[in-house]
2 protein chains.
Amino acid sequence: MSRSNPRVLSTLERAGGFASAQEIHKLMQREGEKIGLTTVYRSLQSLLGDKIVDVLRRDDGEAIYRLCGDSHHHHLVCKSCGKTVEIEGGAIEKWAKAVALEHGFRDIGHSAELFGTCADC
Amino acid sequence: MSRSNPRVLSTLERAGGFASAQEIHKLMQREGEKIGLTTVYRSLQSLLGDKIVDVLRRDDGEAIYRLCGDSHHHHLVCKSCGKTVEIEGGAIEKWAKAVALEHGFRDIGHSAELFGTCADC
DNA sequence: ATGAAAATGACAACCATTTTCATTTCTGTT
DNA sequence: AACAGAAATGAAAATGGTTGTCATTTTCAT
């Protein structure tokens with residue numbers, strides 16, 4: 001198993017908590033860090049698994065990683081500028097539980113994302 | 001400029017109004033239609049431009065196209081056997097609209113999936 | 001110091017998507 | 001029907017993000 005290279009996380013923080021693997025790699029190289037693209041990807045995967053970061057997709061399909069608080073929440077993302085708002089999902093939790101019960105499912109989890117165009121775009 | 005091949009649209013409809021370019025292409029070939037993957041992509045681009053379809057991203061980054069104005073549904077998936085139930089998302093639609101308004105976003109879309117363990121597992 | 005396990009990175013493989021370009025089909029005009 | 005020009009098509013190559021491979025280096029406990 002591969003562990004996260006701590007410099008990757010700190011670079012993601014420095015990038016504003018929101019960047020793609022390629023961007024993180026370029027940033028690190030520009031700052032003189034010697035690190036391979038492969039290691040950046042691996043570190044991000046590991047951070048993902050540990051739920052320290054979160055992954056979304058840009059319009060062009062590129063994956064962008066962002067730091068994630070540990071409380072369960074959802075995101076409202078602007079499709080054109082990437083601005084992100086964290087959202088409480090109380091309504092969804094209830095809905096998920098109700099639907100699960102109705103169909104005899106248990107151990108319910110859910111994922112939900114909202115996307116649109118923000119006021120500035 | 002390229003126009004949409006009408007068979008692409010009708011195949012997307014037949015697929016439940018929700019499919020990737022590759023899936024549409026495979027479906028058409030399985031049904032004996034002679035069409036190139038390139039044309040499928042081109043047709044989808046054109047349908048996008050005409051706002052007849054909408055594009056989202058799967059978790060793996062693949063683009064999935066959806067008929068616009070299609071009241072879409074969500075899925076409740078069993079993690080162990082894969083059994084899937086289609087679900088109405090009225091509650092989510094309302095929630096999405098409310099949250100969007102609250103934050104000044106417009107043209108709101110959303111994706112949501114529920115997963116758990118079904119009664120048989 | 002020594003060996004085992006983990007981490008690393010150069011490179012190749014993958015796969016969805018786009019571009020290129022030669023060929024075919026469609027369209028309207030004579 | 002014949003023709004020309006435009007649009008559509010699709011095979012193949014190019015693109016680009018991401019993942020897999022594997023030999024080498026580093027880490028770490030004994």
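The values are calculated or read from the model by the stated rules, or taken from the named source; none is laboratory data. Since this is a predicted model, take the numbers as computed values, not measurements. All Cβ positions, even for glycine, are placed from backbone atoms using ideal geometry, and neighbour counts span all protein chains on display.
Worth a mention:
- Residue match in segment A:53-60 (condition: surrounded by 17 or more Cβ atoms within 10 Å (Cβ to Cβ), basic (K, R) and within 12 Å of DNA strand C (Cβ to nearest atom)): yes
- B:A112 crowded, with 16+ Cβ neighbours inside 10 Å, part of a strand (DSSP E or B) and within 11 Å of chain A (Cβ to nearest Cβ): yes
- Top-ranked residue of segment A:47-88 - restricted to ones that are at pLDDT below 85 and hydroxyl-bearing (S, T, Y), ranked as farthest from B:W95 (Cα to Cα): A:S80
- Candidate set from segment B:33-48 (those that are without any contact (Cβ under 8 Å) to a residue 24 or more places away in the chain and within 12 Å of DNA strand D (Cβ to nearest atom)); member that is nearest to B:Y65 (Cα to Cα): B:Y41
- The residue list B:V85, B:V99, B:V53, B:V77 contains one member that is within 16 Å of DNA strand D (Cβ to nearest atom), on the phi < 0 side of the Ramachandran plot and of a type in the set (V, I, T), which is B:V53.
- For A:L44, the criteria (1) surrounded by 16 or more Cβ atoms within 10 Å (Cβ to Cβ); (2) touching a strand residue (DSSP E or B) at 6+ places or on another chain (Cβ under 6 Å); (3) within 9 Å of chain B (Cβ to nearest Cβ); (4) modelled with pLDDT of 85 or more hold in every case but one, which is (3).
- Some residue of segment B:11-26 being more than 14 Å from DNA strand D (Cβ to nearest atom), within 14 Å of chain A (Cβ to nearest Cβ), buried (at least 17 other Cβ atoms within 10 Å of the Cβ) and within 26 Å of B:A112 (Cα to Cα): yes
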